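This report concerns only the one structure given below.
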């Protein structure tokens with residue numbers, strides 16, 4: 001099959017195959033302008049049909065003061081995502097979220113172990129993790 005003869009603005013030739021009986025591809029053949037416009041319009045309509053039609057409800061602001069709060073929120077959101085119609089994007093989001101959640105669990109376990117060690121030793125090391133108590137100290 002012949003290659004499209006259209007030269008792009010950067011000087012390179014279009015690499016799409018030419019239409020049968022034409023020297024240009026679907027995107028560059030002047031005779032196909034009306035079909036192109038129709039296809040673009042149909043594509044725009046089709047892609048918007050697959051989008052979510054959720055009706056968003058106002059939600060209360062959520063204080064994410066501790067890792068436990070973040071884990072709870074992530075778990076809720078991942079479970080909602082699981083209930084949606086499957087798609088590659090949703091699967092990617094789900095697996096990414098699970099990876100983040102696993103790292104949060106690791107951090108949570110380490111933070112608890114550190115707290116236990118500090119209590120056993122009778123010392124308190126300044127933690128970079130926010131606790132509800134520390135948040136209450138700095139927040140009005």
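Only the coordinates and a few stated rules stand behind these numbers; no lab work does. Predicted model only: the values in this text are computed from it and were never measured. Methodologically, a virtual Cβ is constructed for each residue, glycine included, from the backbone with ideal geometry; neighbour enumeration extends over all protein chains shown.
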* Asked: Length gain on complete extension for the stretch residue 42 to residue 14, per 0.36 nm per residue less the alpha carbon to alpha carbon distance?
  -> 7.7 nm
* Asked: Which length gain, in nm to one decimal place, applies between residue 121 and residue 100 when the Cα-Cα distance is subtracted from 0.36 nm times their residue separation?
  -> 4.4 nm
* Structure fact -> Subtracting the Cα-Cα distance of residue 87 and residue 109 from 0.36 nm times their residue separation yields 4.6 nm
* Structure fact -> Taking a crude spin-label model, label points 7 Å out from Cα along the C-beta direction, the residue 72 to residue 26 distance in nm is 5.2
